[in-house]
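None of the figures in this text is laboratory data; all of them are computed from the coordinates on show. Quantities reported herein were computed from a predicted structural model and do not represent experimental measurements. Positions of Cβ are backbone-derived with ideal geometry, glycine not excepted, and every protein chain shown enters the neighbour counts.
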Amino acid sequence: MKSFASDRERHKYYNSLTEEQKYEAFCDMLFESESTVFLGGAGVSTESGIPDFRSRNGLYRKRPKGFLRYKPEYLLSSECLQRKPELFFDYYRKNLDARSAKPNGAHLALAQMEKSGRLTGVITQNIDGLHQKAGSRNVQEIHGTIRKNHCVSCRAEYDENFIFDSRDPVPVCPVCGRTVRPDVTLYGEFLPQPAYTNAIDMIGRADTLIIGGTSLEVGSAAQLAHMFHGRHMVIINKGKTKMEGAADLVFRDSISRVLEKIL
């Protein structure tokens, strides 16, 4: 790998590369890296038919009938769950059921990279569980997951089908009769500490960070990206992403297309 006298010289060199040379440089980075981590957002799952949140066709731009009075951020908040649980679960069931979605090329490529030892693990903002379905083992879900649910009182655990298949407007625990909620981080709640702590540790140990499918507008992902002080940062996103000025390589393309070229 080419050495540089300064960050400015390094960025100037990578910005001068042709598209083909960028892929070659990406492969070299992965080959020399002792720990590569992928930090991903909603854009990783859009090719699986799961809408992102803030784009033109995103979930937050839709105003489905029956929910026009409320902002999506409220409908997916802890306040809504507590004060209007029937409204919360109606919106949740109709908009966040990703059980039928299949992993796309990006998920499969990342799983293959981990299996071959080229990737330490995945940090994801997504709650759909598609990384695990693709075969990834070290996945830190910093916004929780739809794959698990629990009782708010006795903490009994239930699988992903429990809430979506329940005929009760508000799903209740068969053990104690209290509300069963998803293990998803809602607006107004803290991030799941084990996952976020593990993510911080992974970022701290990484010498290469791949950021994909996220604009880094959400604070949790942006904070993790700013914690990275390794050698190389690579960004893969169709739209503009914050921190592109700090990245060595930027690919404005689909994640699956880019990753499949370097496998």
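Looking only at region 140-171, which residues are farther than 18 Å from SER100 by Cα and of a type in the set (S, T, N, Q)? Once the filter is applied, which keeps residues that are farther than 18 Å from SER100 by Cα and of a type in the set (S, T, N, Q), region 140-171 yields GLN140, SER153. Taking first residues from region 23-44 that are farther than 12 Å from LEU209 by Cβ and partners that are of a type in the set (Gly, Ala, Ser) and assigned to a loop (DSSP other than H, G, I, E, B), the Cβ contacts under 7 Å between residues at least 6 apart in sequence or on separate chains come to GLY41/GLY213; ALA42/GLY213; GLY43/GLY213; VAL44/GLY213.
Is it fair to say ASP159 is over 28 Å from SER256 (Cβ atoms), surrounded by fewer than 13 Cβ atoms within 10 Å (Cβ to Cβ) and in contact (Cβ under 8 Å) with a residue 12 or more places away in the chain? Reasoning before the result, please.
Numbers: over 28 Å from SER256 (Cβ atoms): yes; surrounded by fewer than 13 Cβ atoms within 10 Å (Cβ to Cβ): yes; in contact (Cβ under 8 Å) with a residue 12 or more places away in the chain: yes.
So ASP159 passes the test.
Screening ARG61, ARG69, ARG99, ARG83 for residues that are out of contact with any strand residue (DSSP E or B) (no Cβ under 6 Å at 6 or more places or on another chain), of a type in the set (Lys, Arg) and in contact (Cβ under 8 Å) with a residue 60 or more places away in the chain leaves exactly one candidate, ARG99.
Return a yes/no flag: does region 19-27 have any residue that is in contact with a strand residue (DSSP E or B) (Cβ under 7 Å, 6 or more places away or on another chain) and among the charged types (D, E, K, R). Yes, some residue in region 19-27 is in contact with a strand residue (DSSP E or B) (Cβ under 7 Å, 6 or more places away or on another chain) and among the charged types (D, E, K, R). Identify, please: which residue in region 226-263 is touching a Leu at 6+ places or on another chain (Cβ under 7 Å) and in a loop (DSSP other than H, G, I, E, B) and is, among those, nearest to VAL44 (Cα to Cα)? Taking the candidates together, the pick is THR241. Within region 175-231, the residues that satisfy the criterion of being within 19 Å of PHE38 (Cβ to Cβ) and of a type in the set (Asp, Glu) are ASP201, ASP207, GLU217.
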